[in-house]
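Note sheet for the following structure.
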Amino acid sequence: MIEAKNITKRYGGKTAVNDLSFTVEAGRVTGFLGPNGAGKSTTMRLLLGLDRPDAGRATINGVAYRDLAQPMRVVGALLEARAVHTGRSAYDHLLCLAQTQGFGKRRVQEVIEQVGLGSVMRKRAGGFSLGMSQRLGIAAALLGDPAALILDEPVNGLDPEGILWIRNLMKSLAAEGRAVFVSSHLMNEMAVTADHLIVIGRGQLVADCSTAEFIERSTKQSVLVRTPEQEKLAGLLRAQGATVTETEDGLAVVGLDAPRISELAAAGNLALHELSTSRGSLEEAFMELTKDAVEYDAAVPTTGGAK
Ligand SMILES: Nc1ncnc2c1ncn2[C@@H]1O[C@H](COP(=O)(O)OP(=O)(O)OP(=O)(O)O)[C@@H](O)[C@H]1O
């Protein structure tokens, strides 16, 4: 379990992370979302002991990273895949890392196979594509068979095949009982990958809830209605408290669901030519939510995790 308790980090006059608390539970993928500059990388660096918080405490399985006797056995991290730039082969790079922690050649071979780099393991890692570098970075993170993983924007710059691969890997690592904490600024990607979401804006917590709950609460449902009697129906629906907008496609109705609209139309003897329900874009909801962290601080559920 990864835990941040009231962590704050300032750089000069800039507060990058502001009194942030959350828990990343084992056995699920927790998405860490926020627009660029929200403080995601800083938070991950604080969790990994690469920076010291000005206030608060970050722990992994109850212990601060710097106090872990064998950190790679507890938490694996992918921060900057390109940081792997090296003249060494992928195999030698991993072997060096492994030896610092007392892992053998067999473990190196295992993680190489796990990330699909078997055929290129003798090639110079410096010449790897971004996708291959990401795989190598993940192999390094997995070396110690850690209970927790911290991955900063692992899908950035990857092709669709690479994105799918990382998505499935994260899910399977969580299914094995690990705590998987993954940052992204892409809401749609996290919606299909994460079980739980922690959303920050301007260094502050904006939401901490299940992905399903986030989607349910954040996107407005609207119903498109086509009828030859547009004005009459619009009047009927407004009288029931719905917000009705006349668009080129028909009436866009918010505040009443499709069954209720059809009942009201039937009662009013009005024909319906189309009735379809849609949800607003998740990406739009996310941008709206994070555009002003303070304004939206209390607007979204913070169930489970925020302590
Ligand atoms: N070493 C530093 N010195 C000064 N300011 C910093 C430093 N590191 C981060 N910041 C500032 O802190 C804020 C949070 O940055 P951070 O990189 O954590 O955000 P992020 O959510 O990871 O964004 P991105 O997705 O763009 O990486 C930004 O305003 C950034 O400019």
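The values are calculated or read from the model by the stated rules, or taken from the named source; none is laboratory data. Only a predicted model underlies this, so the values are computations on that prediction, with no experimental measurement involved. Don't worry about glycine lacking a Cβ; one is built from the backbone with ideal geometry, like all the others, and counts go over all protein chains shown.
Test each condition in (1) at pLDDT 95 or above; (2) exposed (fewer than 14 other Cβ atoms within 10 Å of the Cβ) for residue 243 and report the one that comes out false.
Status for residue 243: all satisfied but (1).
Given (1) of a type in the set (A, V, I, L, M); (2) part of a helix (DSSP H, G or I); (3) at pLDDT 90 or above, identify the lone condition not met by residue 132.
Result: residue 132 fails condition (3) only.
It is to be established whether one or more residues within segment 217-225 are assigned to a helix (DSSP H, G or I), in contact with a Phe, Trp or Tyr (Cβ under 9 Å, 6 or more places away or on another chain) and at pLDDT below 90.
Taking segment 217-225 as the starting set, the residues that turn out to be assigned to a helix (DSSP H, G or I) are 217-218.
Next cut, in contact with a Phe, Trp or Tyr (Cβ under 9 Å, 6 or more places away or on another chain) only: 218.
Subset that is at pLDDT below 90: 218.
Within segment 217-225, one or more residues are assigned to a helix (DSSP H, G or I), in contact with a Phe, Trp or Tyr (Cβ under 9 Å, 6 or more places away or on another chain) and at pLDDT below 90.
Name every residue in segment 15-54 that is small (Gly, Ala, Ser), near the ligand (Cβ under 8 Å from one of its atoms) and under 16 Å from the mean Cα position of the chain (by Cα), in order of residue number. Steps first, answer last, please.
First, the residues of segment 15-54 that are small (Gly, Ala, Ser): 16, 21, 26-27, 31, 34, 37-39, 41, 49.
Those still in the list that are near the ligand (Cβ under 8 Å from one of its atoms) too: 16, 34, 37-39, 41.
Matches in segment 15-54: 34, 37, 38, 39, 41.
Output the residues belonging to segment 266-285 that are among the hydrophobic types (A, V, I, L, M, F, W, C), in contact (Cβ under 8 Å) with a residue 40 or more places away in the chain and closer than 18 Å to residue 232 by Cβ. Lay out the reasoning, then the answer.
If we filter segment 266-285 for residues that are among the hydrophobic types (A, V, I, L, M, F, W, C), which is where we start, we get 266-267, 270-272, 275, 282, 285.
Filter again for in contact (Cβ under 8 Å) with a residue 40 or more places away in the chain, leaving 270-272, 275, 282, 285.
270, 271, 272, 275, listed by residue number.
Sort through 59, 15, 30, 42 and tell me the only one that's on the phi < 0 side of the Ramachandran plot, of a type in the set (S, T, N, Q) and in a helix (DSSP H, G or I). Outline the logic, then answer.
Numbers: 59 fails: in a helix (DSSP H, G or I); 15 fails: in a helix (DSSP H, G or I); 30 fails: in a helix (DSSP H, G or I).
That would be 42, the only listed residue that is on the phi < 0 side of the Ramachandran plot, of a type in the set (S, T, N, Q) and in a helix (DSSP H, G or I).
Please tell me if residue 146 is in contact (Cβ under 8 Å) with a residue 12 or more places away in the chain, farther than 30 Å from residue 288 by Cα, touching a helix residue (DSSP H, G or I) at 6+ places or on another chain (Cβ under 6 Å) and in a loop (DSSP other than H, G, I, E, B). First the steps, then the outcome.
Working: in contact (Cβ under 8 Å) with a residue 12 or more places away in the chain: yes; farther than 30 Å from residue 288 by Cα: yes; touching a helix residue (DSSP H, G or I) at 6+ places or on another chain (Cβ under 6 Å): yes; in a loop (DSSP other than H, G, I, E, B): yes.
Criteria met by residue 146.
For segment 205-221, how many residues are surrounded by fewer than 20 Cβ atoms within 10 Å (Cβ to Cβ) and not β-branched (Val, Ile, Thr)? Give the derivation first.
Restricting attention to segment 205-221, the residues satisfying the condition of being surrounded by fewer than 20 Cβ atoms within 10 Å (Cβ to Cβ) are 210, 212-213, 215-217, 219-221.
When the remaining residues are screened for being not β-branched (Val, Ile, Thr), the result is 210, 212-213, 216-217, 220-221.
Number of matching residues: 7.
Modelled with pLDDT under 95 and more than 22 Å from residue 289 (Cα to Cα), is that true of residue 229? Give the steps one after another, and end with the answer.
Numbers: modelled with pLDDT under 95: yes; more than 22 Å from residue 289 (Cα to Cα): yes.
The answer is yes for residue 229.
Give 42, 23, 30 a once-over and let me know the one that is in contact with a His (Cβ under 6 Å, 6 or more places away or on another chain) and either in the same structural domain as residue 182 (by the TED database) or under 23 Å from residue 210 (Cα atoms) (or both). Working first, answer last.
Details: 42 fails: in contact with a His (Cβ under 6 Å, 6 or more places away or on another chain); 23 fails: in contact with a His (Cβ under 6 Å, 6 or more places away or on another chain).
None of the others qualify; the one that does is 30.
So which of 116, 104, 126 is farther than 30 Å from residue 291 by Cα, at pLDDT below 95, assigned by the TED database to the domain that holds residue 34 and in contact with a His (Cβ under 8 Å, 6 or more places away or on another chain)? Working first, answer last.
Working: 116 fails: in contact with a His (Cβ under 8 Å, 6 or more places away or on another chain); 104 fails: in contact with a His (Cβ under 8 Å, 6 or more places away or on another chain).
Only one candidate qualifies: 126.
If residue 209 meets every condition in (1) at pLDDT 95 or above; (2) of a type in the set (A, V, I, L, M, F, W, C); (3) in contact with a Ser or Thr (Cβ under 6 Å, 6 or more places away or on another chain) apart from one, which number is that one?
Unmet for residue 209, out of (1) at pLDDT 95 or above; (2) of a type in the set (A, V, I, L, M, F, W, C); (3) in contact with a Ser or Thr (Cβ under 6 Å, 6 or more places away or on another chain): (1).
Quick one: how many residues across segment 226-258 are aliphatic (A, V, I, L, M) and either closer than 21 Å to residue 188 by Cβ or part of a helix (DSSP H, G or I) (or both)?
Keep residues of segment 226-258 that are aliphatic (A, V, I, L, M), which gives 233-234, 236-237, 239, 242, 244, 251-254, 256, 258.
Subset that is either closer than 21 Å to residue 188 by Cβ or part of a helix (DSSP H, G or I) (or both): 233-234, 236-237, 239, 258.
So the count comes out to 6.
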